[in-house]
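Trainee: For reference, the structure I am asking about is given below.
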Amino acid sequence: LSRDRLDDEVWDEIEESLITADVGISPTQTMVEELRTKVKVLGTRTPDEVRGLLREELLKQIDPELDRTLQVGKHGERPAIVLVVGVNGTGKTTTTGKLARSLVGDGKKVVLGAADTFRAAAADQLQTWGERVGAEVVRGPEGGDPASVAFDAAAKGIEDKVDVVIVDTAGRLHTKTGLMDELGKVKRVIEKKGTVDEVLLVLDATTGQNGMRQAQVFAEVVNITGIALTKLDGTAKGGIVISVQRELGVPVKLVGLGEGPDDLAPFDPEVFVDAILGD
Amino acid sequence: MFETLSDRLTSVFSSLRSKGRLSDADIDATAREIRIALLEADVALPVVKAFVAQVKERARGAEVSQALNPAQQVVKIVNDELIAILGGETRRLRYAKTPPTVIMLAGLQGAGKTTLAGKLAKWLRDQGHAPMLVAADLQRPNAVTQLQVVGERAQVAVFAPEPGNGVGDPVGVARQSIDFARQRQHDIVIIDTAGRLGIDQELMRQAADIRDAVSPDEVLFVVDAMIGQDAVTTAQAFMEGVGFDGVVLTKLDGDARGGAALSVRHITGRPIMFASTGEKLEDFDAFHPDRMASRILDM
Ligand SMILES: Nc1nc2c(ncn2[C@@H]2O[C@H](COP(=O)(O)OP(=O)(O)OP(=O)(O)O)[C@@H](O)[C@H]2O)c(=O)[nH]1
Ligand SMILES: Nc1nc2c(ncn2[C@@H]2O[C@H](COP(=O)(O)OP(=O)(O)OP(=O)(O)O)[C@@H](O)[C@H]2O)c(=O)[nH]1
Ligand SMILES: [K+]
Ligand SMILES: [Mg+2]
Ligand SMILES: [Mg+2]
């Protein structure tokens, strides 16, 4: 009897750790069911062993083998182009700034495109980042056409023979078709100048189940190639990216760990999983 | 995608053979469905547990056993309970006896504080008040510029004596703003603060210092409707760190189910006062508990 009770507690704990990490109720239940079967087959006895199996399972789900390298290599003379997208306030501009910092640190020349012409002082914010990290910023008139700013940024990058052009875009909810169409246009207009090598979807780690819808819609409109999971320095775990990765086949490539220029890191599956497990 | 809770419960109840009193098994099955629906809506787990226990209790009662359609009856109970928690007493802004009324905004990074500051200012100006915005986020790049632009759009004054971007003391700015508002006869002061994490003790201390410097009539906790399970931890941290009197739910123009509304209300007992529903200054509304309840449950 006491063993059964211990088992229930262990299972509840496991379920809770997944749910409270925003993994989602349905993926959680599937994972727990599979784990229960595995435990039966293997004759696993101790809670620690069960947790070990869970860790393995989570790692499998997040897939450490995925290629998470950023596509920022030049095409001959032409710079690589990165487009940064996402819903409002997730950390796009900050991630753009930090990414520029890290590329500049690697000895690359970077141009930033301030294609958020909508939000109050958005271009100023990017400009400050540009000055901070040593990247030139291309901006347009407030309220102007974001696609033409993006185009100008790409053109400037090509003209100056820089290594990477990063285009920051305005936050937009995936439910707003007009704004999503505008984003599609931004990408198409850049493509007149060169291929867009990376489309980074910036997801806020505090986001719950809505993150899945965000990712689906952005993927449809601009074909995202990587995810940047921000604000992981807080208490949120960002578990929604497990489903996002699996459904879209797009890897998390970067994580945001703070507001400073160096608070950007490559995504580490083991660190991510251990945070969910609370170790 | 999701079935609605009504659909789900109807299917649970359609399998019942006997009418009349629901068996414990029926009630457990019902509770499981409600739990799933709430978790899919991002209601935080501890809140789901407490809520489901409460609904279970009522589902055992006479009102359900005597109902012609027990499924609809349970849905009604869930809805009523949700509205009861989300609603409570509706509370309006409290104005100071001696002006200026001081409203301080606090919340996580990117929640929508600065935008809300502009919306509140415009809303109050439209009612004949003379509000003033205070730029006390001296940390986020160009947060001060952003507030200045927002103030211009809302046609209200902005007190921004420090450039920000790491320069200036937010506590000092907040303190000075009160005298300045008095001199210029502004009857309302709205203080925009930097976004901060619940676990950032230093910045939480700073928020408490700002509060102590201005003795706000209202501290409003601004929270993104897309937030997931972290709502509980964060709301608790702000409650303990700075304390708040009311909640503003932002980005409700999206399709997030907004379970955070229930979580924050349940955990802190503080009323949700306003809804932010877009990026423009006029996208702002009083909070409607009944709409929120049906949104959470997708009914
Ligand atoms: N703690 C923490 N804060 C972050 C991180 N990334 C961004 N932020 C903060 O989040 C807030 C929003 O960041 P922005 O970069 O302006 O977000 P955005 O997506 O560009 O916002 P919009 O352009 O308005 O949609 C700012 O206060 C940033 O400093 C992170 O990794 N950790
Ligand atoms: N769609 C939508 N966007 C909103 C809403 N409220 C704010 N935003 C957007 O969310 C983003 C962040 O808003 P801010 O007002 O800068 O948020 P903040 O809390 O001041 O951010 P920090 O100062 O960096 O912590 C901006 O892009 C805003 O335009 C809303 O209700 N709906
Ligand atoms: K974390
Ligand atoms: Mg931005
Ligand atoms: Mg702000």
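Trainee: Can you give the extra length, in nm with one decimal, that the chain gains between A:E16 and A:T175 once fully stretched, where that is 0.36 nm per residue apart less the Cα-Cα distance? It would help to have the intermediate numbers written out before the result.
Mentor: On the way: separation 159, 0.36 × 159 = 57.24 nm, distance 3.04 nm.
Extra length available between A:E16 and A:T175 comes to 54.2 nm.
Trainee: How high is the relative contact order of chain B? Use alpha-carbon pairs under 8 Å, at least six apart in sequence, and give a whole percent.
Mentor: Details: 571 pairs, mean separation 69.7, N = 299.
Dividing the mean separation by the residue count of chain B yields 23 percent.
Trainee: For A:R78, what residues show an amide H to amide H distance below 5 Å, using hydrogens built from the backbone and excluding near sequence neighbours?
Mentor: For A:R78, whose amide H was placed from the backbone, there are no distant partners under 5 Å.
Trainee: On to the next question. Around A:Q245, what is the net charge, scoring Lys/Arg as +1 and Asp/Glu as -1 over all other residues with Cβ under 13 Å from its Cβ? The partial results should precede the final answer.
Mentor: On the way: positive: A:K60, A:R68, A:R246, A:K253; negative: A:D63, A:E65, A:D67, A:E247.
Charge balance in the 13 Å sphere: 0.
Trainee: Sticking with this one: Would the range B:234-299 count as rounded, prolate or oblate if I go by the C-alpha gyration tensor, calling it rounded below 1.5 in a/c and otherwise prolate when a/b exceeds b/c, oblate otherwise?
Mentor: Numbers: a/c = 2.04, a/b = 1.34, b/c = 1.52.
The shape class here is oblate.
Trainee: A further question on this structure: For the range A:1-137, report the % of Cα-Cα distances exceeding 24 Å. Can you show the working numbers first?
Mentor: Working: 5132 of 9316 pairs.
Tail fraction, whole percent: 55.
Trainee: What's the longest bit of chain A with no exposed trypsin sites (Lys or Arg not before Pro), using DSSP loop states and at most 11 other Cβ atoms within 10 Å as the test? Working shown, then result.
Mentor: Values: sites that count: A:R45, A:K161, A:K192.
Result, exposed sites excluded: A:46-160.
Trainee: Let me ask something additional. Please identify every one of the GluC sites (Glu not before Pro) in the range A:118-171 that sits in a loop by DSSP and has no more than 13 other beta carbons within 10 Å of its own beta carbon.
Mentor: On the way: sites: A:E131, A:E136, A:E142, A:E159; in loops: A:E142.
Hits after loop and neighbour filter: nothing returned.
Trainee: Sticking with this one: Within chain B, how many lysine pairs that are 8 or more places apart, or on different chains, have C-alpha atoms less than 20 Å apart?
Mentor: Within chain B, the lysine pair count is 12.
Trainee: In straight Cα distance, which lysines are under 29 Å from A:K192, not counting same-chain residues fewer than 8 positions off?
Mentor: Excluding near neighbours in sequence, the set is A:K74, A:K92, A:K98, A:K108, A:K109, A:K156, A:K161, A:K176, A:K253.
Trainee: Enumerate the lysines that A:K38 could reach by cross-link, defined here as Cα to Cα under 19 Å, with residues fewer than 8 away along the same chain left out.
Mentor: A:K60
Trainee: Could you tell me which of rounded, prolate or oblate describes the protein assembly as shown, using a ≥ b ≥ c as the square roots of the eigenvalues of the alpha-carbon gyration tensor, with rounded for a/c under 1.5 and, failing that, prolate when a/b is larger than b/c and oblate otherwise?
Mentor: On the way: a/c = 1.91, a/b = 1.22, b/c = 1.57.
It comes out oblate by the Cα gyration axes.
Trainee: Let's test the formula: R0 of 60 Å, r as the Cβ-Cβ distance of B:D255 and B:D169. What FRET efficiency results, to the nearest 0.05?
Mentor: Values: r = 41 Å, r/R0 = 0.68.
Working from the Cβ atoms, E equals 0.90.
Trainee: Here is a follow-up. Counting heavy atoms of the protein chains only and a 1.4 Å probe, report the per residue accessible area for the protein assembly as shown as a whole number of Å².
Mentor: Values: 23520 Å² over 578 residues.
Value for the protein assembly as shown: 41 Å² per residue.
The values are calculated or read from the model by the stated rules, or taken from the named source; none is laboratory data. Nothing here was measured: the structure is a model prediction, and the numbers come from that model. Here the Cβ is made from the backbone with ideal geometry for all residues, glycine too, and neighbour counts use every protein chain on show. These area figures cover heavy atoms from the full protein model, side chains too; ligands, DNA and RNA do not enter into them. Shrake-Rupley method; radii C 1.70, N 1.55, O 1.52, S 1.80 Å.
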